[in-house]
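Read through the structure below, which is laid out as structure tokens, and then see the notes.
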Amino acid sequence: AVNVQRYWAGVQNMQKQVFALLSQAVFAAGLAITRRYLLNYSWRRLLVGTILVIVALDAVVTSATVFDVVRNQYFFLGETFVVELPAATQFLVTTFVVVEAADRDNGGLVYGLLTTAHNIGLSFARPLSNQIFGSWRPSLSDSANFIRDKPSFRSIVMHSFLLSYGFSILSFVAIPLLPEQKAQAQQRKRTWRRSPRVGWATLLLLLTTFGYSVTLIALTMFPATSCLKLVGGAGC
């Protein structure tokens with residue numbers, strides 16, 4: 001994505017920063033719209049709908065840039081600008097879940113656990129993507145391939161984006177774990193049985209994922225190990 005932005009869309013740093021600043025205003029507007037009109041709407045539908053909107057918008061802009069239909073930095077940055085609206089809705093939905101899951105005496109603990117799980121997932125995604133895409137040829141990390149801009153390489157780049165969209169859609173299998181609304185969240189707290197085994201298994205999974213992510217990210221920082229295929233390199 002970084003190379004597509006830099007070499008094909010021609011995004012300049014100043015324009016990127018200006019759009020990032022303006023995006024905060026759009027994000028705030030998205031929060032206001034969600035609070036005003038969507039507070040009592042299904043959390044599941046909101047999450048599915050916003051993911052689909054973000055994927056659709058990104059697919060349109062990315063495919064137009066990759067296949068040289070429109071290569072313009074303002075067109076490319078416009079997508080990051082618009083998606084702040086559904087992103088704001090996603091943020092509020094996850095916040096609602098935290099609020100309803102927490103009790104009076106464990107709000108900080110619940111918030112910390114859920115946000116930690118979210119952040120560990122983000123950190124795990126980077127080394128995983130390096131491992132998946134590191135074996136693709138021509139290399140997606142070699143800027144020379146973007147400069148040559150061959151039609152065959154464009155297809156490979158687009159396939160990498162389609163795979164990432166597929167992972168986003170795959171997350172829908174976990175949607176049933178999300179309460180429909182706050183009433184269902186409260187009902188689950190009252191009726192679902194407690195399981196220390198599930199708690200310990202979840203904690204172990206988070207610790208393992210965190211350790212794995214930190215280790216692989218650390219390996220990419222040193223020339224002697226950044227070439228390892230384990231971290232997405234070409235091999236030492």
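The values are calculated or read from the model by the stated rules, or taken from the named source; none is laboratory data. The model shown is predicted, which means the values in this text are computed figures rather than measured ones. Because the Cβ atoms are built from the backbone with ideal geometry, glycine has one as well, and the counts that use them run over all protein chains shown. For the accessible areas, the whole protein counts, side chains as well, though only heavy atoms, and no ligand, DNA or RNA atoms are used. Shrake-Rupley method; radii C 1.70, N 1.55, O 1.52, S 1.80 Å.
Observations on the structure shown:
- Among the residues of the stretch 81-102, some residue qualifies, meaning at least one is part of a loop (DSSP other than H, G, I, E, B), open to solvent by less than 70 Å² (accessible area, probe 1.4 Å) and free of Cβ contacts under 8 Å to residues at least 24 places away in the same chain.
- Within the stretch 200-224, the set of residues being open to solvent by less than 90 Å² (accessible area, probe 1.4 Å) and at pLDDT below 85 comprises Ala224 only.
- Among the residues of the stretch 103-138, those identified as of a type in the set (S, T, N, Q) and outside any helix (DSSP H, G or I) are Asn106, Ser135.
- For Asn145, the criteria (1) surrounded by 18 or more Cβ atoms within 10 Å (Cβ to Cβ); (2) in contact (Cβ under 8 Å) with a residue 12 or more places away in the chain; (3) within 30 Å of Tyr7 (Cα to Cα); (4) not basic (Lys, Arg) hold in every case but one, which is (2).
- Unique residue being open to solvent by 60 Å² or more (accessible area, probe 1.4 Å), part of a helix (DSSP H, G or I) and either of a type in the set (D, E, K, R) or in contact with a Cys (Cβ under 8 Å, 6 or more places away or on another chain) (or both) when the list is Arg71, Arg35: Arg35
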